[in-house]
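The values are calculated or read from the model by the stated rules, or taken from the named source; none is laboratory data. All of these numbers come straight from a predicted model, not from anything done at the bench. Here the Cβ is made from the backbone with ideal geometry for all residues, glycine too, and neighbour counts use every protein chain on show.
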Amino acid sequence: MKPLALDLARLAAIPFCLASLLHAQSAPPSGPAPPPPPPSNREAALDRAIRLYANQNYIAALSMFREAVSQGQVEGMMYLGLMYASGQGTRVDYTEAMDWFRRAAAKGDGQAMCNIGIFYYRGLGVPQAYDQAMKWFHDGADAGNSQAMFNVGVLIRDGLGVDVNYTEALGWFRKAAGNGNPQAMNSLGVMFQNGQGVAADYGEAMTWYVKAADEGSTSAMHNIGVLYEKGLGVKADQEEALKWYQKAQDAEKESPQISLGKP
């Protein structure tokens, strides 16, 4: 497993708002809490679409998401973009997917902005353009999307369309990690391990790897194994290393497989 592999296209990891928003109600001093109000028609359409999607009834889900979108549901736009990008219930159509992501972005959706950046990064339905990818990642980051923050850091770290700047990349990874992004946590660990933008510090690297692993990062699990195998900041322990390698392998088998592929 290659640490810090650019994984900008795992659309399965898009943090959609999957659940309908139920209005919180305060319970009376005694007795059971009153039932939540029934979902509105627009919420009901989205809920039905999500259930169909979860059951892999993609053709019906595609139609129902269109109905949800007609009722103003931005989440429906995001799902439609994903389905056209992944060929679920329809042929793969990056141009159509981009159109839906642009519609959601126009509504202020930060993940949609991030996805548009991914398309420009990879040249999916549009000419590959790192400057456009950076622009959209910045827009997504400004909207609070942690994946977009991470992607800005990746482009800066790797010098894609901009000069390499480890210190600036580190700052973006910290920002994304502070917003709960496990890829950013793992990347911080790699930078501390390699001394990129900071003095090499295996203890700090381990701290970030553990945080990322706790959030499900298989790369971080693998990297913890590397530290134990090579005795970097810890006593060399082959058994512990193998445990972490196996944990990473098992987690990868259980992870979602819907993806546009790694760049």
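Among the residues examined, ALA60 qualifies as modelled with pLDDT of 95 or more, part of a helix (DSSP H, G or I) and out of contact with any His (no Cβ under 8 Å at 6 or more places or on another chain).
Being of a type in the set (Ser, Thr, Tyr) and within 22 Å of ASN181 (Cα to Cα) is the filter here, so list the residues in the range 217-246 that pass it.
First pass over the range 217-246, keeping only residues of a type in the set (Ser, Thr, Tyr): 217-219, 228, 245.
Within the range 217-246, SER217, THR218, SER219, TYR245 qualify.
Is it the case, given these coordinates, that ALA205 is free of Cβ contacts under 8 Å to residues at least 40 places away in the same chain, in a loop (DSSP other than H, G, I, E, B) and more than 25 Å from GLY140 (Cβ to Cβ)? Answer is no for this residue. Test GLU239 against the stated conditions and say whether it is of a type in the set (Asp, Glu), more than 24 Å from the chain's Cα centre (by Cα) and not assigned by TED's automatic domain parsing to the domain that holds GLN132. Judged against the criteria, GLU239 is a match. Taking the range 143-170 as the range and being closer than 12 Å to ALA184 by Cβ and either among the β-branched types (Val, Ile, Thr) or free of Cβ contacts under 8 Å to residues at least 24 places away in the same chain (or both) as the test, the residues that pass are VAL152, VAL154. Somewhere in the range 232-243, is a residue surrounded by 16 or more Cβ atoms within 10 Å (Cβ to Cβ), of a type outside the set (A, V, I, L, M, F, W, C) and either in contact with a strand residue (DSSP E or B) (Cβ under 7 Å, 6 or more places away or on another chain) or not in a helix (DSSP H, G or I) (or both)? Looking through the range 232-243, at least one residue is surrounded by 16 or more Cβ atoms within 10 Å (Cβ to Cβ), of a type outside the set (A, V, I, L, M, F, W, C) and either in contact with a strand residue (DSSP E or B) (Cβ under 7 Å, 6 or more places away or on another chain) or not in a helix (DSSP H, G or I) (or both).
Tell me yes or no: at least one residue of the range 74-82 is aromatic (Phe, Trp, Tyr), within 23 Å of ASN181 (Cβ to Cβ) and either crowded, with 17+ Cβ neighbours inside 10 Å or modelled with pLDDT of 95 or more (or both). Outline the logic, then answer.
Here is the first cut: in the range 74-82, the residues aromatic (Phe, Trp, Tyr) are 79.
Going one step further and asking which of them are within 23 Å of ASN181 (Cβ to Cβ), we end up with 79.
Applying the additional criterion that residues be either crowded, with 17+ Cβ neighbours inside 10 Å or modelled with pLDDT of 95 or more (or both) yields 79.
Checked the range 74-82: at least one residue is aromatic (Phe, Trp, Tyr), within 23 Å of ASN181 (Cβ to Cβ) and either crowded, with 17+ Cβ neighbours inside 10 Å or modelled with pLDDT of 95 or more (or both).
In summary, helices (runs of 4 or more DSSP H) completely within the range 80-158 and bearing 3 or more residues that are within 17 Å of the chain's Cα centre (by Cα) and of a type in the set (S, T, N, Q) occur at 146-158.
Being under 21 Å from MET221 (Cβ atoms) and in a helix (DSSP H, G or I): is that true of VAL190 here? When the stated conditions are applied, VAL190 passes them.
For TYR53, the conditions (1) surrounded by fewer than 19 Cβ atoms within 10 Å (Cβ to Cβ); (2) in a helix (DSSP H, G or I) all hold with the exception of (1). Select from the range 109-126 the residues that are out of contact with any helix residue (DSSP H, G or I) (no Cβ under 8 Å at 6 or more places or on another chain) and not basic (Lys, Arg) and list them in ascending order. Matches in the range 109-126: GLY123 only.
Let's see how each residue does on (1) over 19 Å from ASN181 (Cβ atoms); (2) modelled with pLDDT under 95; (3) surrounded by fewer than 17 Cβ atoms within 10 Å (Cβ to Cβ):
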{"site": "VAL92", "(1), (2), (3)": "yes, no, yes"}
{"site": "ASP99", "(1), (2), (3)": "yes, no, yes"}
{"site": "ARG103", "(1), (2), (3)": "yes, no, no"}
{"site": "GLY117", "(1), (2), (3)": "no, no, no"}
{"site": "TYR120", "(1), (2), (3)": "yes, no, no"}
{"site": "VAL126", "(1), (2), (3)": "yes, no, yes"}
{"site": "GLN132", "(1), (2), (3)": "yes, no, no"}
{"site": "TRP136", "(1), (2), (3)": "no, no, no"}
{"site": "ASN145", "(1), (2), (3)": "no, no, no"}
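Working only within the range 159-176, note down all residues that are farther than 21 Å from ILE116 by Cβ and either of a type in the set (Gly, Ala, Ser) or within 18 Å of the chain's Cα centre (by Cα) (or both). Hits for the range 159-176 are GLY159, ALA169, GLY171, PHE173, ARG174. Taking the range 191-223 as the range and being more than 18 Å from PHE150 (Cβ to Cβ), in contact with a helix residue (DSSP H, G or I) (Cβ under 6 Å, 6 or more places away or on another chain) and β-branched (Val, Ile, Thr) as the test, no residue passes.
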